[in-house]
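Everything below concerns the one structure shown next.
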Amino acid sequence: MRPKTSSRDPLAHWRSANTIKVLLKTIAEETKNLGKPLRLMEICGTHTMTLHRSGLKPWLQEAGIEMVSGPGCPVCITPDFYHEAIIDLVTSGENILVATFGDMTRVPTRKGSLQTTVPASGSQIKIVYSPEEALELARQNFDKRVIFFGAGFETTIPSIVYTVKKASQQNLEAFFLLAALWLIPPAIEAILSSGEVAIDGFIYPGHVSAVIGERAYAFVAEKYHLPGAIAGFEPADILLGIMSVVRQIKQGKPRVANEYRRVVKAEGNPQALALMAEMLEPFDADWRGLGTIPASGLRLKPEWADFEASKNLNLALKPQKTLSSGCRCGEVLKGLVGPRDCPLFGQACVPDSPRGPCMVSYEGACLIEYKYSAGAKKK
Amino acid sequence: MCLAVPGKVISLEKDGVGQVDYMGTTIVANFSLLPGIKTGDWVIIHAGFAISKLDRKEARKTLKLFQELEKLNPSE
Ligand code: SF4
């Protein structure tokens, strides 16, 4: 029978219990033949979410696959000094409007969070759901300097810098970007070159890949001889990716497989990549937990300097050591420990009063583990 | 922030903006990063921007693969 896809749920088959069962069975058989269990890293927080929400993790464990979360949460890897700089600015400067994504306002730092901050007179902190909304705030608030504190990976970067281009075309001179723009492939390389974690292969993020394409991960296979697969976000998508990785190991032929072809083209999104190349340049950026990674961040090119918040406002981005608060988020992001290895998990650190960003963000491994794992309390 | 499910384009207006039927809800999306989109196309939206067009042929290929796997492993 030909499968039907309804317009309401075009992905019903990707969630069907039967499809999932068959894929798990295939993975279990093929992993058994390899003779040893595998440890795979899913980079993207949205994959972590699917794995937990669909209850796949214990089944995969039984099939010989341990899934480890990686650094794929932009809120989590943005270091505290970005938040602290913007907190200083909004508490000391008048008529400043900071626009940022919701999760960013709840990240705890030693200066508090943006949510607990009391802005100076005439200043404000506003949550936006899309970069365009930040731009709209600049159009509506002519009396204020509007700073968009935009954090994101390759999926979000094009839409974030699009706002700067639009602001320039519309002569919105009081619009500024505090760019927290991070690149996934250099982070993977940092994790691999550190040699700290043993990983047998990768599940690459689907929507980052929709922008950057397949080639961006080629070094993982060529230089580190590790397999990987780009996967979508339905349970069956992730299982297809895992099946591909297992088969690559069996054949001894690591490569970059694309198991999300309905969305990811080999060349990515040329329009988005062209916009990034036009406006941004790479620099050695600091990541929470991972330290300074060569060419892992993007910033506006000098010709867009008028829109760069750190160049035009009293906002100093100085990397500094974060005081130890007992939070192990940095190690969680590298796959060195799991959320439950943190003594604060579910005790001092819960979603209502998070002690680290991994318990704040919807893509954070600690929040996901807390929300979706049975008996969120630490065992 | 990451909407993993595709939506169907229902209208395209000026300035690269359009409306998308997202599981029964109409949302406004920006199409500036995805030229050549037509109404009726399925797209992935991220942070208010369409970033990728769904390739239905590829989706059907994956469905076929599922069916083949299921044929090899008939349910008990
Ligand atoms: S549970 Fe909380 S304190 Fe512990 S690593 Fe996660 S975010 Fe940090």
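Counted as qualifying within the stretch A:24-94 are the helices (runs of 4 or more DSSP H) with 1 or more residues that are more than 25 Å from A:Ile147 (Cβ to Cβ) and in contact (Cβ under 8 Å) with a residue 12 or more places away in the chain, namely A:45-53, A:56-62. The C-beta contact set for the stretch A:216-228 (first residue under 16 Å from A:Glu259 (Cα atoms), second residue small (Gly, Ala, Ser) and in a helix (DSSP H, G or I), distance under 9 angstrom, 6+ apart or interchain) comprises A:Ala216/A:Ser209; A:Tyr217/A:Ser209; A:Pro227/A:Ala221; A:Pro227/A:Ser244; A:Gly228/A:Ala221; A:Gly228/A:Gly241; A:Gly228/A:Ser244. Within the stretch B:1-31, the set of residues being open to solvent by less than 40 Å² (accessible area, probe 1.4 Å), of a type in the set (Gly, Ala, Ser) and within 11 Å of chain A (Cβ to nearest Cβ) comprises B:Ala4, B:Gly7, B:Gly16, B:Ala29. Selection of the stretch A:329-366 for residues being near the ligand (Cβ under 8 Å from one of its atoms) and either of a type in the set (S, T, N, Q) or within 14 Å of another protein chain (Cβ to nearest Cβ) (or both) yields A:Val360, A:Gly364. Just one of the listed residues (A:Arg288, A:Arg299) is within 16 Å of the ligand (Cβ to nearest atom) and open to solvent by 20 Å² or more (accessible area, probe 1.4 Å), namely A:Arg288.
Within the stretch A:340-361, residues that are at positive phi have Cβ atoms under 6 Å from residues that are not β-branched (Val, Ile, Thr) in these pairs: A:Gly346/A:Ala376; A:Gly346/A:Lys377; A:Gly346/A:Lys378, counting only partners at least 6 apart in sequence or on another chain.
Of all residues assigned to the stretch A:140-148, at least one qualifies as being under 22 Å from the mean Cα position of the chain (by Cα) and open to solvent by less than 10 Å² (accessible area, probe 1.4 Å). Looking at B:Leu63, B:Leu54, B:Leu72, B:Leu34, just one residue is within 9 Å of chain A (Cβ to nearest Cβ), open to solvent by 80 Å² or more (accessible area, probe 1.4 Å) and aliphatic (A, V, I, L, M), and that residue is B:Leu72. Residues in the stretch A:98-131 that are touching a helix residue (DSSP H, G or I) at 6+ places or on another chain (Cβ under 7 Å) and assigned to a helix (DSSP H, G or I) were compared, and the one that is farthest from A:Cys329 (Cα to Cα) is A:Pro131. Here A:Gly268 qualifies as open to solvent by less than 20 Å² (accessible area, probe 1.4 Å), within 21 Å of the chain's Cα centre (by Cα) and on the phi > 0 side of the Ramachandran plot. Determine whether the stretch A:42-52 contains at least one residue that is open to solvent by 20 Å² or more (accessible area, probe 1.4 Å) and at pLDDT 95 or above. Looking for residues that are open to solvent by 20 Å² or more (accessible area, probe 1.4 Å) and at pLDDT 95 or above, one finds none in the stretch A:42-52, hence no.
The values are calculated or read from the model by the stated rules, or taken from the named source; none is laboratory data. These numbers were taken from a predicted model, which means no experiment stands behind them. Note: ideal-geometry Cβ built from the backbone for every residue, glycine included; neighbour counts use all protein chains shown. Accessible surface areas use protein heavy atoms only, side chains included; no ligands, DNA or RNA. Shrake-Rupley method; radii C 1.70, N 1.55, O 1.52, S 1.80 Å.
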